[in-house]
Amino acid sequence: MQTVRQIDDLRKTLDVFRGEGARLAFVPTMGALHDGHMALVETAKRAGTRVIVSIFVNPIQFGPNEDLAKYPRREQADSRMLANAGVDLLWMPSAETMYPEGFATGVRVSGVSELLDGAHRPGHFDGVATVVSKLFNQIRPDVAVFGEKDWQQLQVIRRMVADLDMGIDILGVPTQREDDGLALSSRNAYLMPEDRVRAIALPRALGAAAKVITEGGDRESALAQARETLTAAGFELDYVALADAESLGAPIEGNPMRLLAAARIGGTRLIDNIPVL
Ligand code: PAF
């Protein structure tokens, strides 16, 4: 695996790949890799002939009181995992390379960015859309792979790629979970042992609510029950919501729906979501 940190080196390597007629599959990450990321890499390997992974902890998608400074950084371990997985190229730009002095451009996807996590983390999806557009322009992949754990992010990216005619296939990979159901996340590393135990209430509450709704039960009572379960388990809720799976707005009869939640336990903010059929 080649590791590059400068744009010129990135371009040279990508030119070689393109010269071979490669189909470029790209997985953007912020590092602190776990099996969830490795599932994205496996999907990328099936979707393309050369796999490129980026590691960049994107400062502009963190709010002022969020965890940018303490976000886990494990460059060497990440790099070993990617090399062992057969990744061809690791792109690890610095913040100065991504946002040089005078950087003044932002990408904003209205509508889908403004609800749920967008409402609770103002500017977050603008930061995501901006960095992902920049990464897409740097790499110009044929296909890019994102986790469904960040469901709203996936919908923001799909909207952006369609609206801006980026011509990149966007693949979503189902959430990878621990044996007890907790969604894999780099932020799980922040959980104290007792909070880790209580955190399983999140997937369980969503699963129970989804079952009630799927079986035709009352939606509002199912959501209220999930909120009550989570609060009783010690979570502070941002939201538990049933939404249209694509727009994240109110459910539209006949369209796929998604049940999503964001909540804090012991100061760690966790998100999760599941389909409601
Ligand atoms: O999902 C993430 O890890 C990040 O939001 C992404 C897509 C790499 C952009 O910084």
Residue list for region 259-274, restricted to those being of a type in the set (Asp, Glu) and free of Cβ contacts under 8 Å to residues at least 60 places away in the same chain: none
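Within region 1-26, how many residues turn out to be farther than 17 Å from Gly167 by Cβ and of a type in the set (Lys, Arg)?
3
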Which residues, taken from region 13-72, are touching a strand residue (DSSP E or B) at 6+ places or on another chain (Cβ under 7 Å) and at positive phi? Gly31
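When region 96-125 is examined, which residues are found to be in a helix (DSSP H, G or I), within 12 Å of the ligand (Cβ to nearest atom) and not aromatic (Phe, Trp, Tyr)?
Met98, Asp117, His124
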Given the residues Leu68, Leu89, Leu40, which is the only one that is surrounded by 21 or more Cβ atoms within 10 Å (Cβ to Cβ) and within 15 Å of the ligand (Cβ to nearest atom)? Leu40
Are any of the residues in region 34-45 assigned to a strand (DSSP E or B), within 20 Å of the chain's Cα centre (by Cα) and not hydrophobic (A, V, I, L, M, F, W, C)? no
Any idea which of (1) part of a helix (DSSP H, G or I); (2) surrounded by 20 or more Cβ atoms within 10 Å (Cβ to Cβ); (3) within 12 Å of the ligand (Cβ to nearest atom) is the one Ser133 doesn't satisfy? (2)
Can you name the residue in region 141-161 that is part of a helix (DSSP H, G or I) and over 18 Å from Ala183 (Cα atoms) and, of all such residues, is nearest to the ligand (Cβ to nearest atom)? Ile157
Taking region 138-188, which residues are in contact with a Leu (Cβ under 8 Å, 6 or more places away or on another chain) and β-branched (Val, Ile, Thr)? Ile139, Val143, Val145, Ile170, Val173, Thr175
Apart from one, (1) among the small types (Gly, Ala, Ser); (2) surrounded by fewer than 20 Cβ atoms within 10 Å (Cβ to Cβ); (3) closer than 25 Å to Leu270 by Cβ all hold for Gly147; the odd one out is (2)
Return the residues of region 75-95 that are assigned to a helix (DSSP H, G or I) and over 25 Å from Val161 (Cβ atoms); say none if nothing qualifies. Glu75, Gln76, Ala77, Asp78, Ser79, Arg80, Met81, Ala83, Asn84
Looking at region 132-155, is at least one residue out of contact with any strand residue (DSSP E or B) (no Cβ under 8 Å at 6 or more places or on another chain) and among the hydrophobic types (A, V, I, L, M, F, W, C)? no
Counted residues, region 247-277 - those being loosely packed, with under 15 Cβ neighbours inside 10 Å and either touching a helix residue (DSSP H, G or I) at 6+ places or on another chain (Cβ under 8 Å) or closer than 16 Å to Tyr190 by Cβ (or both): 4
Looking at this structure, is Asp218 farther than 24 Å from Leu154 by Cβ and free of Cβ contacts under 8 Å to residues at least 12 places away in the same chain? yes
Residues being in contact (Cβ under 8 Å) with a residue 12 or more places away in the chain, out of contact with any helix residue (DSSP H, G or I) (no Cβ under 6 Å at 6 or more places or on another chain) and among the acidic types (Asp, Glu) - total across region 95-145: 2
For the subset of region 174-191 comprising residues that are crowded, with 17+ Cβ neighbours inside 10 Å and more than 16 Å from Ala32 (Cα to Cα), which member is farthest from the ligand (Cβ to nearest atom)? Leu182
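Readers should treat all values here as calculations from the given coordinates under stated rules, not as data from a laboratory. Quick caveat: nothing in here was measured; it's all calculated off a predicted structure. A quick note on method: Cβ atoms are made from the backbone with ideal geometry, for glycine too, and the neighbour counts reach across all protein chains shown.
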